[in-house]
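Participant: The structure follows.
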Amino acid sequence: SNAAKRGWKLLFFNSFPDFSNQDKYDEGARSVFECINYEILDGMIIAASTFHDDALLRSIVQSCHTRHIPVVSKDTILPGCAAVVPDSKESYKQLLNHVIRDHDIRDTFFIAGLSNEEYSDSRIACYKEVLEENGLPVLPENIAYGNYWEGPTVSVTEKLISERDKMPGAIFCANATMAHAVISCLK
């Protein structure tokens, strides 16, 4: 790999649970991150938007900062960290506009990521802007949170199915994982 040619050594820490259930599986997955040997790290890249446990994320970042290890956050701005956050606002708005304008969908629903998280808030802002540009009302009951993950998104979708007389013409999601969850649930 390119890293090996440069003499770099990479360590990856990953878990499949997303920490949103707060169960024994999440507890076991959390222990993977307790094994990080910060003494051998020169830097850390963290996919912050995949953590659904703020305390764990803050702990990892704090452990790096205490040891003067630079942290780069992917997709999320974290205090004291460099961030790589692609600006996809315009392309996302084009996608929303395409569905609303070209397919004449007037009744929509939006499933955001995490509450009070910058990337998720940005997606909600895009959704609201597009609705307003198209003369459609922005209704709080048409926005919910799927926490970027399957389980919470399925719960939101099942609630839509059980509580609405008529399903929305389009369900927009803040990421692909949630979009796949909606599609699977609707099937």
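Participant: Run the reach check for residue 5 against aspartates and glutamates, Cα to Cα strictly under 18 Å, same-chain hits fewer than 8 apart removed. What comes back?
Facilitator: Cross-link targets: 42.
Participant: Can you give me the Rg/Rh ratio for the range 55-94, using Cα atoms for both radii and the Kirkwood formula for Rh?
Facilitator: 1.15
Participant: Enter the angle in degrees (range 0 to 90, nearest 10) between the Cα long axis of helix 118-133 and the first principal axis of the Cα atoms of the chain, meaning the one along which they spread out most.
Facilitator: 20
Participant: Here's another thing I want to ask about it. Under Stokes-Einstein, with the Kirkwood radius over Cα pairs standing in for Rh, what whole-number D in µm²/s applies to the range 73-152 at 25 °C and 0.890 mPa s?
Facilitator: Rounded, D is 179 µm²/s.
Participant: In degrees, nearest 10, range 0 to 90: what is the angle between the Cα axis of helix 150-163 and the longest Cα principal axis of the chain?
Facilitator: 20
Participant: Ok, one more. Sorted by accessible area with a 1.4 angstrom probe, largest first, how do 102, 87 fall?
Facilitator: Putting 102, 87 in descending order of accessible area: 87, 102.
Participant: Using only C-alpha atoms and all pairs of different ones, pull out the Kirkwood radius for the chain in Å with one decimal.
Facilitator: Value: 18.5 Å, from the Cα pair sum.
Participant: Between residue 170 and residue 59, 0.36 nm times their residue separation minus their Cα-Cα distance comes to what?
Facilitator: Gain on stretching residue 170 to residue 59: 36.1 nm.
Participant: First compute the accessible area of the range 1-109 with a 1.4 Å probe, then give the percent of it belonging to carbon and sulfur atoms.
Facilitator: Roughly 54 percent, rounded to a whole number.
Participant: Here's a follow-up. What accessible area per residue, rounded to a whole number of Å², is obtained for the range 42-140 using a probe radius of 1.4 Å? The partial results should precede the final answer.
Facilitator: Working: 5360 Å² over 99 residues.
Value for the range 42-140: 54 Å² per residue.
Participant: Please report the accessible area of residue 72 (heavy atoms, 1.4 Å probe, ligands and nucleic acids excluded) in Å², nearest 10.
Facilitator: 50
The values are calculated or read from the model by the stated rules, or taken from the named source; none is laboratory data. Please read all numbers here as calculations on a predicted model, not as lab measurements. Quick note on the areas: whole protein, heavy atoms, side chains included, nothing else; ligands and nucleic acids left out. Shrake-Rupley method; radii C 1.70, N 1.55, O 1.52, S 1.80 Å.
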